[in-house]
Amino acid sequence: MSSEPTQLGLVFGGVSGEHAVSIRSANTVAAALRRGANAQRYRLSCFYIDQWGHWWPPAVADAVLAKGTPASLEDLPAAPLRPGFQGFPEGALDVQVWVPVLHGPNGEDGTIQGLFSLMQVPFVGSGVLGSAVGMDKQAMKAAFAAAGLPQVPYACVDAAELTSDAGSLIQRLEQQLGYPCFIKPANLGSSVGISKATNRSELLAGLELAASHDPRLVVEQGVQARELECAVLGRRQMQASVLGEICFEADWYDYETKYSEGKSHTVIPAQVPAELSERARSMAIAACRAVAAEGLSRVDFFYDERSAELWLNEINTLPGFTSQSMYPMLWEASGVPLEELVHQLVQLAQESGQSADVQGELAA
């Protein structure tokens, strides 16, 4: 095996409502890849995708990471007038393994995974299918249902129903789910665009809010339950971490609660019966299999301790890596520190690339 360090390309930012969170995650991952044994294993270059979709080379990316906040047009060299991808910046074509640290649309929904696949360069995380299905809540829930995994009652909504016959839509949701209920855009994460409704006016407002983010919506029946999370690592052989619990004082786990210091806290490992823990860990791996997720995923659950019911909430195929993010904390508590965790993720990507090479040789 070559002793030369592997050239990694960490890409972050993106055209997404989670752009700022991506910068925080990227700082954590970049630091871990530059510490300890990883400093000898890898040569890391960072690439920034601004809020208009332009790619920037390491010099710009490192400045954004140092600042820690999204770049404005004034912060950037002369940006192209046309938004969107214009081509790779200097150094990108030398990357041997990509490390996407992108959250939300255009980052964890299969789009950039498709680009890396066309480049024939291995990358960390799920492929196009797993990313797309894991990101779209309607498709994700359909996959979970097909796999026989328990979920709270839900309904899929098309935003066009709001303009064609909002009254009938509201009546259908009231009869099917009742109150309280939660309204979510299908293709956003980090609680962006999500609201809770306890009456008809709140339901209509929540639908309009979600529809402003995405024409595909999901409405879920509200349940009184604890929120548990499990981290999954691997491809063919998957491992599940210990469980963690999100505790918060707010009415529900919204964006402000999720990303504001002191608004929530975690309990790791979660204080639940051993049987429940094993059931959740097994279900987490089954959830990954159901949507074709691989590499890394965080799987979230609702747990009603009175009835011992456990419901699958959702999967996140590119979970956060901020100081408050559960995925790295769960693996730390499971005996895999951050530096080793990112190393294993890169190794999994390399193994995936080697498998693709073998398949290509067989086809030839």
Original post:
Can you tell me how many residues in the range 1-43 are outside any helix (DSSP H, G or I), open to solvent by 30 Å² or more (accessible area, probe 1.4 Å) and either more than 21 Å from TRP55 (Cβ to Cβ) or of a type in the set (S, T, N, Q) (or both)?
Top reply: 9
Original post:
Restricting attention to the range 116-139, and to residues there that are more than 23 Å from ASP158 (Cα to Cα) and in contact (Cβ under 8 Å) with a residue 24 or more places away in the chain, which single residue is most open to solvent (accessible area, probe 1.4 Å)?
Top reply: GLN120
Subject >> Within the range 92-106, tally of residues that are open to solvent by less than 30 Å² (accessible area, probe 1.4 Å) and either farther than 24 Å from GLY17 by Cβ or touching a helix residue (DSSP H, G or I) at 6+ places or on another chain (Cβ under 7 Å) (or both) >> reply: 9
Subject >> Search result, residues across the range 105-124 that are among the small types (Gly, Ala, Ser) and at positive phi >> reply: GLY110
Subject >> Cross-chain or 6+ apart pairs with Cβ under 8 Å, the range 47-74 first and open to solvent by less than 10 Å² (accessible area, probe 1.4 Å) and part of a loop (DSSP other than H, G, I, E, B), then modelled with pLDDT of 95 or more and hydroxyl-bearing (Ser, Thr, Tyr) >> reply: ALA71/TYR48
Subject >> Top-ranked residue in the range 140-174 [being among the charged types (D, E, K, R), in contact (Cβ under 8 Å) with a residue 24 or more places away in the chain and open to solvent by 20 Å² or more (accessible area, probe 1.4 Å); ranked as nearest to MET238 (Cα to Cα)] >> reply: ASP158
Original post:
Restricting the search to the range 186-213, which residues are under 17 Å from the mean Cα position of the chain (by Cα) and of a type in the set (Asp, Glu)?
Top reply: none
Subject >> Residue satisfying all of: in the range 329-364; modelled with pLDDT of 95 or more and among the small types (Gly, Ala, Ser); surrounded by the most Cβ atoms within 10 Å (Cβ to Cβ) among these >> reply: ALA349
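The values are calculated or read from the model by the stated rules, or taken from the named source; none is laboratory data. Just so it is clear, the structure is predicted and the values come from calculations on it, not from any experiment. Glycine gets a Cβ as well: all are built from the backbone with ideal geometry, and neighbour counts include every protein chain shown. The protein model used for the area step is the full one, side chains on, heavy atoms only, and it has no ligands, DNA or RNA in it. Shrake-Rupley method; radii C 1.70, N 1.55, O 1.52, S 1.80 Å.
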